[in-house]
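Heads up, the thing below is written out as structure tokens.
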Amino acid sequence: MARIYVTDTMGEAQVRVAIIDTRGDADLWVCRVDTRGLASGDERWFFTQDQGEATKRVFFTSRGFAQVKVCFVPTLGEAGWRDPSRARRGLFS
């Protein structure tokens with residue numbers, strides 16, 4: 001499950017993420033989901049306001065500071081790691 005809590009500072013985060021508009025430049029294509037039950041793997045993110053409920057704390061930053069570059073996609077079928085051979089499975093779940 002990828003239940004994501006967005007931190008206000010880089011020091012609180014477990015993963016630094018850059019949001020990328022171009023799919024080809026992203027490492028991971030992410031689909032936002034509306035319920036906890038749909039959040040699965042690294043590619044389906046449910047955003048929570050409860051830090052204790054989160055599986056990962058992220059900080060959105062620039063490309064230069066990011067550990068992972070993500071592109072938000074509109075459908076579940078499009079979500080996933082761009083290059084499966086370089087995937088860091090379990091990073092967000």
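The values are calculated or read from the model by the stated rules, or taken from the named source; none is laboratory data. All values reported here derive from a predicted model rather than from experimental measurement. Note that we place each Cβ from the backbone using ideal geometry, even for glycine, and neighbour counts take in every protein chain shown.
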Inset, instruction - Among the residues of region 56-84, count how many are in contact with a Lys or Arg (Cβ under 7 Å, 6 or more places away or on another chain), surrounded by fewer than 16 Cβ atoms within 10 Å (Cβ to Cβ) and assigned to a loop (DSSP other than H, G, I, E, B). - result: 3
Legend entry - Matching entry among Arg89, Arg36 (being basic (Lys, Arg) and within 13 Å of the chain's Cα centre (by Cα)): Arg89
Inset, instruction - Report, by residue number, each residue of region 32-77 that is among the small types (Gly, Ala, Ser) and closer than 14 Å to Ala18 by Cα. - result: Ser62, Gly64, Ala66
Inset, instruction - Kindly list, by first and then second residue, each pair from a residue in region 64-93 that is within 30 Å of Gly11 (Cβ to Cβ) to a residue that is at pLDDT below 90 and of a type in the set (Ser, Thr, Tyr), limited to pairs with Cβ atoms under 8 Å and residues at least 6 apart or on different chains. - result: Ser93/Ser40
Legend entry - Criterion (small (Gly, Ala, Ser) and either at positive phi or modelled with pLDDT of 95 or more (or both)) met by exactly one of Ala39, Ala87, Ala79: Ala79
